[in-house]
1. Quick check, is V56 surrounded by 14 or more Cβ atoms within 10 Å (Cβ to Cβ), over 11 Å from the mean Cα position of the chain (by Cα) and not basic (K, R)?
2. Tell me which residues, restricted to the stretch 112-151, are in a helix (DSSP H, G or I), over 15 Å from Q93 (Cα atoms) and aliphatic (A, V, I, L, M).
3. Looking at I6, I99, I33, which is the one that is within 27 Å of R121 (Cβ to Cβ) and either surrounded by 16 or more Cβ atoms within 10 Å (Cβ to Cβ) or touching a Phe, Trp or Tyr at 6+ places or on another chain (Cβ under 8 Å) (or both)?
4. Looking at L132 and the list (1) modelled with pLDDT under 95; (2) within 20 Å of E3 (Cα to Cα); (3) open to solvent by 30 Å² or more (accessible area, probe 1.4 Å), which single condition is not satisfied?
5. Can you say whether A111 is more than 24 Å from D18 (Cα to Cα) and open to solvent by less than 80 Å² (accessible area, probe 1.4 Å), as far as the supplied structure shows?
6. Give me the pairs, please: first residue somewhere in the stretch 42-70 and within 12 Å of T96 (Cβ to Cβ), second residue anywhere and surrounded by 15 or more Cβ atoms within 10 Å (Cβ to Cβ) and of a type in the set (S, T, Y), beta-carbon distance under 7 Å, and either six or more positions apart or on two chains.
7. Could you tell me how many of the residues in the stretch 106-150 are within 20 Å of T71 (Cα to Cα), without any contact (Cβ under 8 Å) to a residue 24 or more places away in the chain and of a type in the set (S, T, Y)?
8. Hey, which of the helices (runs of 4 or more DSSP H) in the stretch 1-100, taking only ones fully inside, have at least 2 residues that are among the charged types (D, E, K, R)?
Amino acid sequence: MAENLILCSFLGICCCYDLKLRKIPGWLLYTGILLGALYWGILKMAGQVSWAALPVSLLPGGVILFYSYITEGKIGIGDGLLVMPAGLMQQWQRCTAEIIGACLLTFFLAAGLLISRKGNRNTRIPFAPFFLAAVVLVWIMEAWIGVPVDK
């Protein structure tokens, strides 16, 4: 529960920057990664995670960073760094489900923009609001509907 509140607060701040400036400051992204690392360290001290879980926790964000490199910046580096704290605070299955949800939500907006001719293939869409929405949707699915995402 606490990790969800921390993560949603962090993502909410990132959304404000992403919507207004179309980029998220590096200091904010690195602060989020630091918060995620501190939370992961607390879980490690409590014996809830092992050292082998660390690279797996960073894998979803690492994959987005790799896609950013392949697409020559069409997918922003900030998007990969935005996902890193979620990977550190949650299990990789849940983080992956959130990324898929965010991509689906982004797809529906992009399709709507293309169909209505208000956008084209070069239209830039901020990722942070959709990732926040996906985090909240997964949280609702787990808490109130009872669908376990990371089991």
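The values are calculated or read from the model by the stated rules, or taken from the named source; none is laboratory data. Bear in mind that the values here come from a model prediction, so they are computed numbers and not experimental data. Ideal geometry is used to build each Cβ from the backbone, glycine not excepted, and the neighbour counts take in all protein chains shown. The protein model used for the area step is the full one, side chains on, heavy atoms only, and it has no ligands, DNA or RNA in it. Shrake-Rupley method; radii C 1.70, N 1.55, O 1.52, S 1.80 Å.
1. On the way: surrounded by 14 or more Cβ atoms within 10 Å (Cβ to Cβ): yes; over 11 Å from the mean Cα position of the chain (by Cα): yes; not basic (K, R): yes.
Spelling it out, V56 is indeed surrounded by 14 or more Cβ atoms within 10 Å (Cβ to Cβ), over 11 Å from the mean Cα position of the chain (by Cα) and not basic (K, R).
2. L113, L114, I115, A128, L132, A133, V136, I140, A143, I145
3. Numbers: I6 fails: within 27 Å of R121 (Cβ to Cβ); I33 fails: within 27 Å of R121 (Cβ to Cβ).
Just a single option satisfies the conditions, and that option is I99.
4. Going through the list (1) modelled with pLDDT under 95; (2) within 20 Å of E3 (Cα to Cα); (3) open to solvent by 30 Å² or more (accessible area, probe 1.4 Å), L132 breaks only (1).
5. Details: more than 24 Å from D18 (Cα to Cα): no; open to solvent by less than 80 Å² (accessible area, probe 1.4 Å): yes.
Against the criterion (more than 24 Å from D18 (Cα to Cα) and open to solvent by less than 80 Å² (accessible area, probe 1.4 Å)), A111 does not qualify.
6. P60/T96
7. Residues that pass the stated criteria total 1.
8. 2-21
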